[in-house]
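Asker: Mind having a look at this structure? Questions to follow.
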Amino acid sequence: MSNSTPPPAPSTSASYGDNTEAPSKKRGGCFKILLIGFVGFVLLLVIGAVALSMGEGEDAASPTSPATSESSEEEESSSPDESEAAQDEDTDGSEADEQEPSEEASDPGEDSGLTSAQDNALRAARNYLEFSGFSRQGLIDQLSSEYGDQYAVEDATAAVDYLEQEVSWGEQAERSARQYLDVGPFSRQGLINQLSSEYGDQYTVEQATAGVDAVEPDVDWNEEAAEAAQNYLEISPFSRDQLIEQLSSEYGDQFTVEQATYGVDQTDL
């Protein structure tokens with residue numbers, strides 16, 4: 001047998017140039033893990049910063065932020081007082097305008113001797129005199145009538161008695177006379193009768209006469225008769241003589257015959 005040298009055993013490591021060792025996979029894996037960890041840390045920082053900035057923006061824009069809610073609470077707490085003050089000012093102003101007494105009127109006060117009901121009747125009487133003329137008796141009737149204010153007659157009388165210190169019934173009669181002449185034609189005597197009649201204004205005859213005397217310079221009784229004649233013809237046919245009689249009769253308008261004739265002459269009769 002020939003002695004032969006056995007072939008060398010194959011090397012278990014591949015040859016890489018001068019290096020006979022293969023690159024270590026273990027070191028490369030550690031580097032990748034470190035790199036991934038660093039990137040993740042940076043991403044966490046970025047995400048945290050973005051979330052923080054968004055949170056601050058929402059807090060600043062939120063309508064319920066502490067500063068805004070404190071301000072609204074202060075406004076709400078102060079607004080009722082301010083509104084009440086404004087209402088008080090408006091109320092005070094309106095009440096001053098509405099309840100401002102006339103120059104002639106005087107408040108009864110505690111020493112007037114009037115009861116509460118009589119004081120209310122006095123106020124009602126003054127209100128009536130603000131827009132119309134009244135006689136003493138006419139005002140008492142208005143206050144006590146079941147179709148008027150329905151005060152007791154005693155209370156209405158006490159109120160008007162107190163009012164007499166600031167009212168001239170003669171001037172009231174003049175006011176009433178002018179108001180009648182504004183709405184229809186009257187003769188002198190017919191107007192006195194209207195003012196003094198128990199079915200009219202119930203002035204005394206003296207007061208009614210003084211009132212008509214006061215307006216007479218401003219009145220043309222002939223023209224009043226002409227207007228009355230025309231009014232009669234608009235509602236009913238009359239002959240000339242009938243119309244003159246109606247205007248001059250004591251049961252009619254009580255113009256003088258001359259005034260009645262003038263009035264009829266102004267018509268087509």
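Asker: Dipole of segment 152-269, Cα-centred, from +1 at each Lys and Arg C-beta and -1 at each Asp and Glu C-beta, to the nearest 20 debye? Write out the running numbers ahead of the final one.
Answerer: Details: 4 positive and 26 negative charges, 55 e Å.
In debye, rounded to 20, segment 152-269 gives about 260.
Asker: Could you compute the net charge surrounding Ala117? Neighbours are other residues with a C-beta less than 12 Å from the C-beta of Ala117; K and R count +1, D and E count -1.
Answerer: Values: positive: Arg123; negative: Asp119, Asp149, Glu154, Asp155.
Around Ala117, the surrounding residues sum to -3.
Asker: Give me a comma-separated list of calculated 3J(HN,Hα) values for segment 225-239, in order, Karplus coefficients 6.51, -1.76, 1.60 applied at θ = phi - 60°, integers in Hz, x for any Gly or Pro.
Answerer: With coefficients 6.51, -1.76 and 1.60, one gets 5, 4, 5, 5, 4, 5, 4, 4, 5, 6, 10, 7, x, 9, 7 Hz.
Asker: Please give the length that would be gained between Tyr251 and Ser116 if that part of the chain were fully extended, namely 0.36 nm times their separation in residues minus their C-alpha to C-alpha distance (nm, one decimal). Provide the component values of the computation, followed by the final result.
Answerer: Values: separation 135, 0.36 × 135 = 48.60 nm, distance 4.56 nm.
In short, 44.0 nm is gained.
Asker: So what J values fall out for segment 131-148 if you push phi through Karplus, 6.51 cos²θ - 1.76 cosθ + 1.60 with θ = phi - 60°, rounded to Hz, Gly and Pro as x?
Answerer: Whole-Hz 3J(HN,Hα) from phi for segment 131-148: 10, 7, x, 9, 7, 4, 5, x, 6, 4, 5, 5, 6, 9, 5, 5, 9, x.
Asker: Taking R0 as 41 Å, what's the FRET efficiency between Gln242 and Ser132 from their Cβ-Cβ distance, rounded to 0.05?
Answerer: It comes out at approximately 0.70.
Asker: Moving to a separate point now. By the scheme Lys and Arg +1, Asp and Glu -1, what is the net charge of all other residues having a beta-carbon under 15 Å from that of Ile235?
Answerer: My count for the surroundings of Ile235 gives -3.
Asker: Given C-alpha coordinates of segment 167-269, what is the ratio Rg to Rh with the Kirkwood estimate of Rh?
Answerer: On the way: Rg = 13.9 Å, Rh = 13.8 Å.
Using Cα coordinates only, the ratio equals 1.01.
Asker: Keeping all protein chains in place and using 1.4 angstrom, which order do Val264, Val167 fall into by accessible surface area, from largest down?
Answerer: Greatest to least solvent exposure: Val167, Val264.
Asker: Moving to a separate point now. Could you work out the relative contact order of segment 122-215? I mean the mean sequence separation of Cα pairs under 8 Å and 6+ apart, divided by the number of residues, in percent.
Answerer: Value for segment 122-215: 31 percent.
The values are calculated or read from the model by the stated rules, or taken from the named source; none is laboratory data. Note that the coordinates shown come from a computational prediction; the quantities given were computed from them, not determined experimentally. Cβ sites come from the backbone with ideal geometry, for glycine too, and all protein chains shown count toward neighbours. We work out accessible area using only protein heavy atoms, side chains counted, and drop any ligands, DNA or RNA first. Shrake-Rupley method; radii C 1.70, N 1.55, O 1.52, S 1.80 Å.
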